[in-house]
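Taking it in order: structure first as C-alpha cells, then the write-up.
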Amino acid sequence: MMSGEPPLYLEDTMAGPPAGTLIAKLEDLPKHGGKDILFKDGSYQTNIFVQHCEQGVFVYENRCPHAGTPLNMFGDKFLNMDQTHLICRTHGALFEITNGKCIAGPCKGQTLRPVAIEIRDGGIYSA
Ligand code: FES
C-alpha cells in the first residue's frame, strides 16, 4: 500500500467481518466503479468503500480525515465530475484514487485509511 496511513484490518473493528470474507464481487461494481459498504453489529458500524479504476481496485475506510464524515452523502459515487479523484462531499476535499492522499481541500496532505484486502477469483476479500 502506498498510503501513509496503516491499513485497517476489518476483523480488528467492532463490526467488521473476519479475514477471508467476500466484500464485493468485481462484476457487481457499478459502471463508475464505486461501492459504499456498511458492516453493522448491534450499535457498532464499520463503513468502507471500494473504488475500481484503470489502475486497479482500491478500498478505504469511508471516513474523511477532515471532519470524520463519510466521503459520499448517499449512494455509491465517490469520484469528482472529471472522474480523476475521490471527492468528499462535505467540504470538497480531493484525494488520489490510488493512494488516498488529499491533494486539495481542508485536509490537504492527509490520507484516507486503506483497508487490508485481497483480490482473487474475481472478488475482493478482507485480509
Ligand atoms: S469532512 Fe471531508 S472535506 Fe471536510
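The values are calculated or read from the model by the stated rules, or taken from the named source; none is laboratory data. In this text, all values refer to a predicted model and were calculated from it rather than measured experimentally. Neighbour counts are summed over all protein chains in view; Cβ atoms, including those assigned to glycine, are modelled from backbone coordinates with ideal geometry.
Within segment 57-83, residues that are hydroxyl-bearing (S, T, Y) reach partners that are more than 13 Å from the ligand (Cβ to nearest atom) with beta carbons closer than 7 Å, at six or more positions or on different chains, in the pairs Y60/I48; Y60/F49; Y60/R113; Y60/P114; Y60/V115. Within segment 17-50, the residues that satisfy the criterion of being part of a strand (DSSP E or B) and surrounded by 15 or more Cβ atoms within 10 Å (Cβ to Cβ) are I23, A24, G34, K35, D36, I37, F39, T46, N47, I48, F49, V50. Can you spot a residue in segment 3-12 that is polar (S, T, N, Q), at pLDDT below 95 and surrounded by fewer than 14 Cβ atoms within 10 Å (Cβ to Cβ)? There is no residue in segment 3-12 that is polar (S, T, N, Q), at pLDDT below 95 and surrounded by fewer than 14 Cβ atoms within 10 Å (Cβ to Cβ). Taking first residues from segment 85-105 that are away from the ligand (no atom under 12 Å from the Cβ) and partners that are hydroxyl-bearing (S, T, Y) and at pLDDT 95 or above, the Cβ contacts under 9 Å between residues at least 6 apart in sequence or on separate chains come to E96/T111; I97/T84; N99/T111; G100/Y60; G100/T111; K101/T111.
K77: within 13 Å of the chain's Cα centre (by Cα), under 18 Å from P114 (Cα atoms) and part of a loop (DSSP other than H, G, I, E, B), yes or no? Taking the combined requirement at face value, the residue satisfies it.
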